Amino acid sequence: MFSDTIQLGLIKQLNRELESSLLYLSMASWVEKIGFEGICEFLYDHSNEERNHMFKLIRYINKRNGNFYISINNKSLETSYSSLKDLFQKLFQHEKDISEEINFLVELSSREKDYFTYNFLQWFIEEQIEEEALIKMILNKIELIGEDKSGLYIFNKDIKKYHKKN
Ligand code: FEO
C-alpha cells in the first residue's frame with residue numbers, strides 16, 4: 001500500500017534532490033569563477049545527476065499513482081566559499097545528511113510494510129554509498145594538496161576520471 005506517510009517522505013526527498021542539484025550548481029559556478037574548469041565541470045555534471053535523482057522519485061510516485069509537489073521556499077544557497085577545501089567539506093556533510101534521510105525512508109517503508117518502496121530505495125542506498133565515498137576521496141585529495149598550486153593544477157585535470165553519468 002502506498003500510504004500518505006510514504007508519499008510525503010518521498011516528496012520531501014525529491015525536493016531535497018532538487019536542492020542538491022541547485023547546491024552543486026551554485027558550487028560549480030563559484031569554482032568556474034575562480035578558474036578550475038575541471039572541478040567546475042565535475043560539479044556541473046553532478047548537478048544534473050542530482051536532478052536525475054529527483055526525476056527518478058517523481059516517476060516512481062507517478063507509477064504508484066501518487067501526487068507530488070515541488071517546494072521552492074525563500075532559502076538562499078551559499079554562492080561563495082572560503083576555499084575548495086571549505087566547499088568539499090560542506091558537500092561531504094551534505095551527502096552524509098542525504099544518506100541519513102535515505103536511511104530513514106528505508107526504515108519508514110519497512111515499518112509501513114511498503115516493500116515496493118523499500119525495493120525502489122535500494123538504488124538510492126547504493127548511490128549514496130558511492131557518492132559519500134567519491135566526495136570524501138576528493139576532499140582527502142584537496143586536503144593533501146593544500147596550498148600547492150601545481151598539485152591543484154594536476155588535480156583539476158585529473159578529476160575528469162571521477163565523472164559519473166547516472
Ligand atoms: Fe542525490 Fe548526492 O544525493
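Summary of computed values
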item	result
Of all residues making up the range 26-74, the number that are of a type outside the set (V, I, T), touching a Phe, Trp or Tyr at 6+ places or on another chain (Cβ under 7 Å) and over 26 Å from I135 (Cα atoms)	3
Any chance F116 is open to solvent by 50 Å² or more (accessible area, probe 1.4 Å) and over 22 Å from G38 (Cα atoms)	yes
Helices (runs of 4 or more DSSP H) lying entirely in the range 96-166 (those with 3 or more residues that are acidic (D, E))	122-145
K149 being charged (D, E, K, R), free of Cβ contacts under 8 Å to residues at least 24 places away in the same chain and open to solvent by 20 Å² or more (accessible area, probe 1.4 Å)	yes
So S26, is it hydroxyl-bearing (S, T, Y), free of Cβ contacts under 8 Å to residues at least 60 places away in the same chain, away from the ligand (no atom under 12 Å from the Cβ) and open to solvent by less than 30 Å² (accessible area, probe 1.4 Å)	yes
Candidate set: the range 53-62, residues that are surrounded by 13 or more Cβ atoms within 10 Å (Cβ to Cβ) and over 14 Å from E19 (Cβ atoms); chosen: the one nearest to the ligand (Cβ to nearest atom)	K56
Residue in the range 150-166 that is closer than 21 Å to K33 by Cα, more than 16 Å from the ligand (Cβ to nearest atom) and of a type in the set (K, R) present	yes
Residues of the range 33-44 satisfying the condition of being over 17 Å from I138 (Cα atoms) and either acidic (D, E) or part of a helix (DSSP H, G or I) (or both)	K33, I34
Residue within the range 63-80 that is aliphatic (A, V, I, L, M), part of a helix (DSSP H, G or I) and open to solvent by less than 80 Å² (accessible area, probe 1.4 Å) present	no
Verdict on L105 being touching a Gly at 6+ places or on another chain (Cβ under 6 Å) and surrounded by 19 or more Cβ atoms within 10 Å (Cβ to Cβ)	yes
Scan of the range 100-158 for residues that are over 16 Å from the mean Cα position of the chain (by Cα) and of a type in the set (V, I, T), ordered by number	V106, T117, I142, I145, I154
Residues (at pLDDT 95 or above, farther than 30 Å from R59 by Cα and of a type in the set (D, E)) located in the range 113-157	E143
Within the range 85-130, considering residues that are under 21 Å from M1 (Cα atoms) and of a type in the set (G, A, S), the one farthest from the ligand (Cβ to nearest atom)	S110
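The values are calculated or read from the model by the stated rules, or taken from the named source; none is laboratory data. Every value quoted in this text rests on a predicted model; they were computed, and no experiment measured them. When we count neighbours, we look across all protein chains shown, and the Cβ atoms used for this are built from the backbone with ideal geometry, even at glycine. Note: accessible area is taken over every heavy atom of the protein model, side chains too, but ligands, DNA and RNA are not part of it. Shrake-Rupley method; radii C 1.70, N 1.55, O 1.52, S 1.80 Å.
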